[in-house]
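**Student:** Dropping a structure here in structure tokens format, bear with me for questions.
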Amino acid sequence: MPLACLTVTGTMVSCSDEPDAENFYTFTGEMLSDYLENRAEYSDFKTIVERAKLMDLLATYGHYTCFLPSNEAVQQYLKERGLSGLDQLSDADCDTIARTHLVANIYSTFEMNLDRLPTANLLGRYLATSQGVDADSNAVVFLEGTAHIIFKQTREDGTVIHQNDSVENGIVQPIDMVIEKSNSYITDILRDNPKISYFYQALVATGVREQILLVDDPTYDKRDYPKRYYKSDIRQEVAWVPDTKRYGFTAFVEPDSLYDQKFQEYGISTGNGIIRALYDLACQIYDPVYPNDVAAEGHKFENLTDSVNPLKRFIQYHIMTRYVPGTSDLTPLVIPETKEAFGIETKWCNPVDWYVTLLPHTMLKIEQLSTMKREDTKNDCIGIDGDKKGGHFINRRYEAPEYNFRGAYVDPTVETKPAHDGLNGHYFYVDDLVVFSKDVQDVVQNMRIRMDLSTVFPEVMTNDMRLKGNYRADDNHDIPDDSNEPKNGKNHYFPLGYLDGVTFNSSCLFVYRRPHWEFWSWQGDEWCLYGDYDITFRIPPVPFSGEWQIRLGYAPLERRGVMQAYFDGMPQGIPLDMTQILTSEMYLGDRVSGDTRLSEYNKTSKEDLAAEQKVLKNLSAYRGPRSCYYLDNSATKYYDWGEPHIMRRVLCQTYIDATKDHFLRFRVASDGKQGNNNEFMLDYLELVPKSVYGIDGEGEMEDDL
């Protein structure tokens, strides 16, 4: 299996242990603790850090960014709280303030180009960032829409302070205000924003507000679970349970002004109140999707909290069952080496992720416009304003001339007031209605749905595990780093009950391996099963009932095992042997090109490509996707389509009822402890409607992207 990285940002740049020297002013020999001790203008924050008992931490070697408020800023903060001095702050207040301003990674202002810092602060919260100018017209970074990093300032005593001050164990960013993060629930921050009062009124009226109150599981304690050691391919590795078990939600919310516009477009009167107008709007959108419920008692305006009520469905569909702190997290990590989402060839397709919503059996499709024009002109971004290039859209499908659905743009704006980020959730503004309409159901989402396993389980994103770790760096293959904070990041395993909708037997070890950019896996991460496993999990919902294929993307290796798949309790076909690669006689033998740079692919006719795909299809198999790739140490791309160790296998082809939950079961079928303790690898799932896989004409084929 091929390599690995560090904590990365989400677009063009990343932080690292060795930042570029030209971005910093260096004070050789000083630790962060020394920096505070040696500068009287920061004595108030020093006192806060001492009362938080964090000074010893800042005296040790590590990698920290300290957003440092001056005494003047601290005194202004105290005044706004009605306090006369630091002694009126509790120790808990000091702990919150200190941890809010400290991040366990190094970030220069040059690297703060997302709508949030890539690493959470010591409170486990992300700091929102935006770019602007200060009173002297200097380009500066704003934090939480209020405080900004001081570009350069000369004090009365001649002392000069400036951004990007380097110390031995980190970097100091002086700021003009104390940073505050909301400690309110997402329900409260929605309530406190007057621009979205219509949405909040409907949230309360439908009872959906009560569905988004969870914060964390008080019974979960990572100390109850030991580290687990295992072998994957040739690597000895160790995995930890997640640090936290939090619950989170993300809402996409239309401002009141947009609803006023839509009421006019749909011919809806507001004379009977906003809730009635929203209900009438919801009826127009959702009655065609759920025609059998129109006559139900719960459909009536008097029954807004009923599960079949159109307004309740309307509100539920706006909310994802996971916490997403910034737009850069909505689609896969963008790495600086390729300036693309991890492992996705953006000259052919846009990065897309799919997420379950609170509306039962539905998902949002979220797409990032990586360029304005593709090599494949079917995917041009015609009709999108230039300032939205690189932006994220909900339920978009533009493939001229067949499809022209723009979708709703997700606004990354960070406002000064009100807050968008709370203890258990985040919300974004959108510029069009977010709805599971008939067009979304039958057209926009009538396509191959590819989901990395890390997005199937909401807990992975909510608890900040997705694509975390040093993707560039490999670990020692023989002696794993089992320290509490391993240099290159952690692999995680999941105890029974941690992942919703997942059950397994006691001998099962279910591991999420951190990303490595040379791994034969999409986006560099993968999931593995070990032991005499027997695991069942709920699959993502499909948009409509009908015939579907469920495929598993994976990398076969000789040290892996054999698995029997079940759908809704019924065995599906013969066991999947994960030791058999595409060049084995079971599949293509020596007919496979193994051309990972696609030079042979480009010379091959569509007819020959279609003929080969048909051979594989008859074997319930497909090559890896052409739009997916892995990298070597020089960031050279190698495409999955031509790699014989990467493939997709059809687990089942069956009728799926879109109104019900459905489950996949994987049971070990190896003889004894085959390979690495029966290791079975899961990379991604594909849910494929018959409209896609059913192509059967001579020379016709499903697209290989």
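The values are calculated or read from the model by the stated rules, or taken from the named source; none is laboratory data. No experiment lies behind these values; they were computed from the predicted model shown. Note that we place each Cβ from the backbone using ideal geometry, even for glycine, and neighbour counts take in every protein chain shown. Please note that ligands, DNA and RNA were not included when accessible areas were found on the heavy atoms of the full protein model with its side chains. Shrake-Rupley method; radii C 1.70, N 1.55, O 1.52, S 1.80 Å.
**Student:** Roughly what % of DSSP beta bridges within the chain run antiparallel, to the nearest 5? Spell out each step's value before the answer.
**Tutor:** Working: 101 of 116 bridges.
Roughly 85 percent of the beta bridges in the chain run antiparallel, per DSSP.
**Student:** Any idea what the relative contact order of the chain is, in percent, if you count C-alpha pairs under 8 Å spaced at least 6 apart?
**Tutor:** Numbers: 1602 pairs, mean separation 98.4, N = 705.
Here the relative contact order equals 14 percent.
**Student:** Once neighbouring chains are kept in place and the probe is 1.4 Å, which whole percent of the accessible area of segment 58-149 is contributed by carbon and sulfur? Working shown, then result.
**Tutor:** On the way: 1770 of 3580 Å².
Result for segment 58-149: 49 percent of the exposed heavy-atom area is carbon or sulfur.
**Student:** If you don't mind, another one. If I take R0 = 35 Å and measure r between the Cβ atoms of Ile695 and Thr244 in this structure, what FRET efficiency does the formula 1/(1 + (r/R0)^6) give, to the nearest 0.05? Walk me through the numbers on the way to the answer.
**Tutor:** On the way: r = 45 Å, r/R0 = 1.29.
The calculated FRET efficiency here is 0.20.
**Student:** Next question. Between (i) 47, 29, 22; (ii) 42, 33, 24; (iii) 50, 38, 24, which matches semi-axes √(5λ) of the Cα gyration tensor in Å calculated for the structure shown?
**Tutor:** (ii)
**Student:** Modelled label-to-label distance, Lys389 and Glu50, 7 Å Cα→beta-carbon offset: nm?
**Tutor:** 5.3 nm
**Student:** Please calculate the 1.4 Å probe accessible area of Val160, with all protein chains present, and give it to the nearest 10 Å².
**Tutor:** It works out to around 60 Å².
**Student:** Now for a separate question. Ordered by residue, what ³J(HN,Hα) values in Hz, to whole numbers, does segment 484-494 give under the Karplus form 6.51 cos²θ - 1.76 cosθ + 1.60, where θ = phi - 60° and Gly and Pro are x?
**Tutor:** Using θ = phi - 60°, the values come out as 5, 10, x, 3, 9, x, 10, 8, 10, 10, 10 Hz.
**Student:** Taking N as the number of residues in segment 618-679, what value does Rg over Cα atoms divided by 2.2 N^0.38 Å take?
**Tutor:** Working: Rg = 16.8 Å, N = 62, 2.2 N^0.38 = 10.6 Å.
In units of the globular-protein estimate, segment 618-679 measures up at 1.59.
**Student:** Let me cross-check Glu558: its accessible surface, 1.4 Å probe, with only protein heavy atoms counted, in Å² to the nearest 10?
**Tutor:** Glu558 exposes around 140 Å² with every protein chain in place.
**Student:** Just to confirm the number: angle between the C-alpha axis of helix 256-265 and the first principal axis of the chain, 0 to 90 degrees, nearest 10?
**Tutor:** The two axes meet at around 40 degrees.
**Student:** Could you put Lys222, Lys152 in order of accessible surface area, largest first, with the 1.4 Å probe and the full protein assembly present?
**Tutor:** Details: Lys222 90, Lys152 120 Å².
Final ranking, largest accessible area leading: Lys152, Lys222.
**Student:** Against the longest alpha carbon principal axis of the chain, how many degrees, from 0 to 90 and to the nearest 10, is the axis of helix 606-618 turned?
**Tutor:** 80 degrees
**Student:** Using mean Cβ contacts within 10 Å as the protection proxy, how do 652-665, 258-271, 234-247 order, highest first?
**Tutor:** Details: 652-665: 15.6, 258-271: 13.9, 234-247: 18.1.
Highest-to-lowest ranking by the protection proxy: 234-247, 652-665, 258-271.
**Student:** With a probe of 1.4 Å, find how much accessible area segment 94-203 has per residue, and write the answer as a whole number in Å². Walk me through the numbers before you get to the answer.
**Tutor:** On the way: 3960 Å² over 110 residues.
Value returned for segment 94-203: 36 Å² of accessible area per residue.
**Student:** Estimate the FRET efficiency between Asp532 and Leu83 by the formula 1/(1 + (r/R0)^6), using the beta-carbon distance for r and 56 Å for R0, to the nearest 0.05. Write out the running numbers ahead of the final one.
**Tutor:** Numbers: r = 61 Å, r/R0 = 1.08.
Efficiency at R0 = 56 Å is approximately 0.40.
**Student:** In whole Hz, what ³J(HN,Hα) sequence does segment 551-567 give by Karplus (6.51, -1.76, 1.60; θ = phi - 60°), x for Gly and Pro?
**Tutor:** My calculation for segment 551-567 gives 10, 10, x, 7, 10, x, 9, 5, 8, 9, x, 10, 9, 9, 9, 10, 10 Hz in order.
**Student:** Continuing with the same structure: Within segment 257-372, count lysine pairs with alpha carbon atoms under 30 angstrom apart where the residues are 8 or more positions apart or belong to different chains.
**Tutor:** Lysine pairs satisfying the spacing and distance rule in segment 257-372 number 9.
**Student:** What's the center-to-center distance, using Cα atoms, between segment 423-497 and segment 91-149 in Å?
**Tutor:** Taking the Cα centre of each part, segment 423-497 and segment 91-149 sit 23 Å apart.
**Student:** How large is the dipole of the chain about the Cα centre if only Lys and Arg carry +1 and Asp and Glu carry -1, each at its Cβ, rounded to the nearest 20 debye? It would help to have the intermediate numbers written out before the result.
**Tutor:** Details: 71 positive and 109 negative charges, 269 e Å.
Its charge dipole is roughly 1300 debye.
**Student:** Expressed as a whole number of Å, what is the distance separating the alpha-carbon centroids of segment 525-574 and segment 619-652?
**Tutor:** Comparing the Cα centres of segment 619-652 and segment 525-574, I get a distance of 18 Å.
**Student:** Quick one: P(r) of segment 646-705 from all Cα-Cα pairs, 10 Å bins, percents rounded to integers, in order of increasing distance.
**Tutor:** The calculated distribution, bin by bin, is 14, 37, 30, 18, 2.
**Student:** Expressed as an acute angle from 0 to 90° and rounded to the nearest 10, what is the orientation of the C-alpha long axis of helix 71-80 relative to the principal long axis of the chain?
**Tutor:** 80 degrees
**Student:** Give the accessible area for Val140 in Å² (nearest 10); use a 1.4 Å probe, count only protein heavy atoms, and leave out ligands, DNA and RNA.
**Tutor:** 10 Å²
**Student:** Return the calculated 222 nm mean residue ellipticity for the chain, to the nearest 500 deg cm²/dmol, obtained by summing -39500 (n - 2.57) across DSSP H runs with n ≥ 4 and dividing by the residue count. Display every interim value, and only then the final one.
**Tutor:** Numbers: 16 runs with 119 residues, N = 705.
Rounded to the nearest 500, the figure is -4500 deg cm²/dmol.
**Student:** What whole-number distance in Å separates the alpha-carbon centres of segment 191-240 and segment 270-285?
**Tutor:** Measuring centre to centre over Cα atoms gives 32 Å.
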